[in-house]
Amino acid sequence: MIEPRMDVILGLSAVLFGIGVFGFLARRNIILMLISVEIMLNAVNLSLVGFSRHLDDPLARGQILALFVIAVAAAEVGVGLGLIIALNRNKPGAGVDELTKLKW
Amino acid sequence: MFFTPQAAFYYMAAASVASAILAVTRKNPVHSMLWVLALFMHVAGIFLLLGAEFLAAVQVIVYAGAILVFYLFVLMLLDLPGEVARPRFGPHWPFAVAGGLSLAALAWLAQVETISPAHAEVATSATVEISDVGWSLFGAFALPFEITSLILLAAIVGAVVLAKRRPTAS
């Protein structure tokens with residue numbers, strides 16, 4: 001059985017990470033910017049699982065770290081979406097272009 | 001044989017890249033979310049091919065089942081009717097393309113430098129099983145696991161405090 005090669009997995013991870021960076025920088029909707037962060041986290045999880053398999057780690061440390069990344073992503077989503085709801089109460093709409101109160 | 005693990009991997013890789021590109025370029029935010037759902041499912045399939053069954057299940061249950069539903073919930077709670085008519089990208093989007101391309105190229109160069117093609121084959125004999133993940137999680141990594149629960153508790157309290165409606169103090 002031929003397994004997927006490590007360089008292909010890392011290349012896929014790099015491409016997905018680049019797409020996430022583009023989405024975060026280019027989108028003007030604050031929720032879609034957060035979703036782009038999720039795409040980046042998924043790319044990193046992919047490379048972690050690939051390394052765990054590549055090194056054949058008996059402790060499966062790559063998988064454990066990916067699990068912690070998922071847990072912290074869940075925490076980030078909770079706080080981030082709470083912030084967005086609080087923000088939306090003061091200034092309706094989800095565009096980041098109108099949020100210029102901290103700009104001098 | 002047509003359905004080899006290799007073919008399945010390349011299908012999932014191509015589908016995940018395509019759905020990620022569609023997710024960041026669709027105008028309607030709900031369509032973007034659904035493409036992200038497709039991306040998460042395909043990444044879970046790649047996890048399965050790599051022998052990480054537990055993580056594939058967590059990916060589907062937590063990411064696709066909980067986190068994405070939470071996003072959709074807030075998206076529909078905010079109710080953005082004019083979102084489709086607005087420009088989806090800022091005027092600086094070529095710089096965003098350059099930033100994404102340069103970071104992807106950086107990661108690509110790093111792996112070309114470190115992973116020589118002779119060592120690129122993933123270990124064929126999968127000796128790590130799902131029970132090993134459990135032993136590792138509750139054995140060597142029990143303390144970080146408990147700290148994760150504290151992080152999640154802090155996030156729950158923070159989300160409630162942030163989203164609570166305060167009486168206006170003016």
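Projected onto their three principal axes, the Cα atoms of region A:45-104 cover extents of 51, 21, 18 Å, largest first. The angle between the Cα long axis of helix B:29-49 and the main principal axis of chain B comes to about 20°, on a 0 to 90 degree scale.
Report the Stokes-Einstein translational diffusion coefficient (µm² s⁻¹, integer) for chain B, Rh taken as the Kirkwood radius over Cα pairs, at 37 °C with viscosity 0.692 mPa s. Roughly 163 µm²/s, to the nearest whole number.
Between the amide H of A:Arg28 and those of B:Gly90, distances stay under 5 Å, these residues lying 5 or more places away or on another chain, with hydrogens modeled in the peptide plane.
The lysines within cross-link reach of B:Lys164, meaning a Cα-to-Cα straight distance under 27 Å and a gap of 8 or more places when in the same chain, are A:Lys91, A:Lys101, A:Lys103.
Between B:Leu80, B:Leu68, B:Leu101, the residue with the greatest mean-square fluctuation in the GNM of chain B (Cα pairs under 10 Å linked by springs) is B:Leu101. Rg and Dmax, both from the Cα atoms of region B:1-50 and both in Å, are 12.1, 40. If you bin all the Cα-Cα distances of chain A at 10 Å, starting from zero, the percentages per bin are 14, 34, 28, 15, 7, 1, 0. The Rg/Rh ratio of the protein assembly as shown, with both radii computed over alpha carbons and Rh defined as the Kirkwood radius, is 1.00. Using the alpha carbons alone, the radius of gyration of region B:55-98 stands to its Kirkwood radius in an Rg to Rh ratio of 1.18. In this structure, B:Ala85 and B:Glu113 have a Cβ-Cβ separation that, at R0 = 41 Å, corresponds to a calculated FRET efficiency of about 0.35. On the principal axes of its alpha-carbon atoms, region B:17-87 has extents of 44, 24, 10 Å, going from largest to smallest.
With neighbours defined as other Cβ atoms within 10 Å of a residue's Cβ, the residues B:Phe40, B:Phe138, B:Phe145 order from fewest to most as B:Phe138, B:Phe145, B:Phe40.
Each value in this text was obtained by applying a stated rule to the coordinates, not by laboratory testing. The model shown is predicted, which means the values in this text are computed figures rather than measured ones. Neighbour counts run over all protein chains shown; Cβ positions are idealised from the backbone, glycine included.
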